[in-house]
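The values are calculated or read from the model by the stated rules, or taken from the named source; none is laboratory data. Keep in mind that this is a model prediction, so the values were computed, not measured. Every residue, glycine among them, receives a Cβ derived from its backbone with ideal geometry; neighbour counts consider all protein chains shown. Side chains included, ligands, DNA and RNA excluded: accessible areas come from the protein's heavy atoms. Shrake-Rupley method; radii C 1.70, N 1.55, O 1.52, S 1.80 Å.
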Amino acid sequence: MALDKKQGWALLTGVLSFSLLTGCSDTEEAAEETTSAWDEIQEEGVLEIGTSGTLLATSFHDEETDELTGFEVEVAREVADRLGLEAEFTELGFDEMLTSVNTGQLDMAANDIEITEERQEEFAFSTPIKYSYGVAVVREDDLSGIETLEDVEGKKAAGAATSIYMDIARELGAEPVTYDNASNEVYLRDVSIGRTDVILNDYYLSLFGVSAFPDLNITIHPDIKFNPSSVGLVMNEENTELVENVNRVLAEMLEDGTITELSKAFFGGEDVSQEPDVE
């Protein structure tokens, strides 16, 4: 059957309309598919950050205001601000924090997390913001019977179950005594009263903790220094745009002295952004 002009134009218009609608639909789907995790963060305007809230100097609550603060908390806040985002913190235990970053429930973890080859296989770390080394917190009156690091064998070592320092304590033959997101005071008091013998931990965190509780029978062992380390903010390795942007603003903060200023405010005048001379 032959079509007249009107019928032909109507059919052609319908085909074009369908094609345009189909094209729009395909474009919208393609746009949705290419939306990255970084795009979603920018759209929401929020950087979701995991932290413990119980780690003195790095992530803790101010005694007077009860506000969450600390070196890495404030570094993360400044990073978010420079990225035009609001920092929103969720307080979690160490393992749950990393799991939440891995599954995409959180964008970042900020909790003095040491950069290791093993962790780098699962996560993306920012540029290091803190350098340190390991020390031993012991009883002040007898050094918990420990003269060298090897003497940790057979001693009760306190710490988080999956921390680097607890791994070292186990390797040295210590008896692990683990805690689930406990405060520094709990760890330190247990050493003081003899429930445990030693805490292997980061120098700056230990210095802050010991100084905060002068009435406890604890001290940093004068002869033990080991395990030079670096710490960074932790992100999902697939969110490469977030990592790039975080590193960009961290470079600015290291250059303009912001990291140094925050470090000195929380670590008694010490600049943790400088590598210590420890083998």
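Which of rounded, prolate, oblate describes the stretch 179-220, given a ≥ b ≥ c as roots of the alpha-carbon gyration tensor eigenvalues and a/c under 1.5 marking rounded, otherwise prolate only if a/b is larger than b/c? Rounded, because the longest to shortest axis ratio a/c is under 1.5.
Starting from 0.36 nm per residue, how many nanometres of slack lie between GLU150 and GLU275 once their C-alpha separation is accounted for?
The span from GLU150 to GLU275 would gain 42.5 nm if fully extended.
Where the accessible area of the stretch 156-279 is counted over protein heavy atoms with a 1.4 Å probe, how much of it, in %, is carbon and sulfur? Carbon and sulfur atoms account for 44 percent of the accessible area of the stretch 156-279. In this structure GLU91 has an accessible area near 90 Å², from a 1.4 Å probe over the protein heavy atoms. The SER36 and ASN102 beta-carbon pair, evaluated with R₀ = 22 Å, returns a calculated FRET efficiency of approximately 0.80. Legend: P(r) of the stretch 201-279 from all alpha carbon pair distances, 10 Å bins from 0, whole percents, reading 14, 37, 32, 14, 3.
Of the labelled options [x] 26.0, 108; [y] 27.9, 102; [z] 18.6, 56, which one gives Rg and Dmax of the Cα atoms in Å as computed for this structure? Label of the calculated value: [x]. Take the Cα of THR90, step 7 Å toward its Cβ, do the same at TYR179, and the gap between the two points is 2.4 nm. Report the residue, chosen from ALA157, ALA251, ALA136, that carries the largest GNM mean-square fluctuation when the chain is represented by alpha-carbon nodes joined by springs under 10 Å. Most flexible of the set in this elastic network: ALA251. Expressed as a whole percent, the proportion of Cα-Cα pairs in the stretch 230-273 lying more than 17 Å apart is 42%.
Between ALA212 and GLU252, residue separation times 0.36 nm minus the direct Cα-Cα distance comes to 11.2 nm.
A simple rule links phi to the HN-Hα coupling: the Karplus curve 6.51 cos²θ - 1.76 cosθ + 1.60 with θ = phi - 60°, which for the stretch 178-188 gives 9, 10, 9, 6, 6, 6, 4, 4, 4, 4, 5 Hz, with x for Gly and Pro. Here is how the number arises for the chain: DSSP H runs of 4 or more residues each give -39500 (n - 2.57), the sum is divided by the residue count, and the result at 222 nm is -12500 deg cm²/dmol.
The P(r) of the stretch 132-279 has a tail past 23 Å containing 42 percent of all C-alpha pairs.
Report the full-extension gain for the segment THR240 to ASP167: residue separation times 0.36 nm, less the Cα-Cα distance, to one decimal in nm.
23.3 nm
The GNM of the chain, with springs linking C-alpha atoms under 10 angstrom apart, assigns the highest mean-square fluctuation among GLU153, GLU64, GLU117 to GLU64.
Modelled this way, with points 7 Å down the Cα-to-C-beta line, the labels at ASP142 and ARG119 are 3.5 nm from one another.
Computed over neighbours whose Cβ is under 11 Å from that of ILE224, the net charge equals -3, Lys and Arg +1, Asp and Glu -1. Comparing VAL186, VAL75, VAL135 in a Gaussian network model of the chain where C-alpha atoms under 10 Å apart are linked, the largest mean-square fluctuation is found at VAL186.
What is the sum of charges around ARG248, taking Lys and Arg as +1, Asp and Glu as -1, for the other residues whose C-beta is under 12 Å from the C-beta of ARG248?
-3
With the charge dipole of the chain set up from +1 on Lys and Arg Cβ and -1 on Asp and Glu Cβ about the Cα centre, the Cα lying farthest toward the positive end among the listed residues VAL152, SER126, ILE193 is that of SER126. Near the amide H of SER183, within less than 5 Å, lie no amide hydrogens of residues on another chain or at least 5 residues away, with H placed in the peptide plane. Accessible surface for the stretch 147-192, divided over its residues, is 50 Å² per residue with a 1.4 Å probe.
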